[in-house]
1. Listed residues 76, 37, 33; which is surrounded by fewer than 20 Cβ atoms within 10 Å (Cβ to Cβ) and in contact with a Gly (Cβ under 6 Å, 6 or more places away or on another chain)?
2. Would you confirm whether or not the stretch 48-60 contains a residue that is among the β-branched types (Val, Ile, Thr) and surrounded by fewer than 18 Cβ atoms within 10 Å (Cβ to Cβ)?
3. Sort through 17, 24, 28 and tell me the only one that's farther than 21 Å from residue 187 by Cα, outside any helix (DSSP H, G or I) and in contact (Cβ under 8 Å) with a residue 40 or more places away in the chain.
4. Quickly run through the stretch 78-87 and pick out the residues that are in contact with a helix residue (DSSP H, G or I) (Cβ under 9 Å, 6 or more places away or on another chain) and free of Cβ contacts under 8 Å to residues at least 24 places away in the same chain.
5. Pairs please, first residue from the stretch 161-181 and without any contact (Cβ under 8 Å) to a residue 40 or more places away in the chain, second anywhere and of a type outside the set (A, V, I, L, M, F, W, C) and surrounded by fewer than 18 Cβ atoms within 10 Å (Cβ to Cβ), Cβ atoms under 7 Å, 6+ apart in sequence or on different chains.
6. Look through 90, 105, 101 and report the one residue that is farther than 29 Å from residue 10 by Cβ and touching a His at 6+ places or on another chain (Cβ under 6 Å).
7. Test residue 56 against the criterion of being under 22 Å from residue 15 (Cα atoms) and small (Gly, Ala, Ser), and give yes or no.
8. Among 56, 102, 114, which is the only one that is hydroxyl-bearing (Ser, Thr, Tyr) and more than 25 Å from residue 28 (Cβ to Cβ)?
Amino acid sequence: MDKNNSLAFIILVSVFSGSLVIASVISSKIISVGGIVLPAGILAYCITFVASDVVSEIWGKEKAKQVVMGGFAALVVTLGLIHLALVWPGASFWDNHDAYGSVLGAAPRIILASIIAYLFSQNHDVWAFHFWKKTFRGRHLWVRNNLSTASSQIIDSVIFITIAFYGIMPIVPLIMGQVLIKILIAFMDTPVVYFLVWLIRRPNRNGLARCQ
């Protein structure tokens, strides 16, 4: 891996982990998009699939698995730090304990749901991407990207919403809304995946960056 590819890989891993963590933290807020109710972290989480698909395309299946496991570690550490911040006594002059707890108090359950959904959906995404890559002999990136991401998003939505919000909110509308929006985003992010793959490979057209 040359220096340009190393930098691109580090950036993609950073974007992947950062988007994954912030999606878990902000998903306690439920938003409305055109009448469809969704966790606020939906866009941030969809970015993770863009990053992992680009890593899969450029660096191969094993590197993508390493990125997935790195994201898992980031979620576990985040869960621990949030719990620590919630139980740590606040300063005597700090008046925002209740507000702080109301925002982050739901985060541990949401992050637990994220961890479980994440392990299933992201590993499925890597597997499905390379299954379709082998099936299409490395061609038709747009088909591989959409098939792997869409199926993985459905798996993620069902698991995440059920664990995070069962008994708190009506989960069926949340699942249906999240699946619909995630699939639409999956189709829309295809040009982004193509652009990033082209951008990473462009300085290395002599053969340094190849699809594995």
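Derivation of every value follows stated rules applied to the coordinates shown; laboratory data play no part. Quick caveat: nothing in here was measured; it's all calculated off a predicted structure. Using ideal geometry, Cβ is built from the backbone for each residue, glycine included, and neighbour counts are taken over all protein chains shown.
1. 37
2. Among the residues of the stretch 48-60, not one is among the β-branched types (Val, Ile, Thr) and surrounded by fewer than 18 Cβ atoms within 10 Å (Cβ to Cβ), which makes the answer no.
3. Criteria check complete, one pass: 28.
4. 85, 86
5. Hits for this filter: 171/162.
6. None of the other options fit; the residue is 90.
7. Yes.
8. 56
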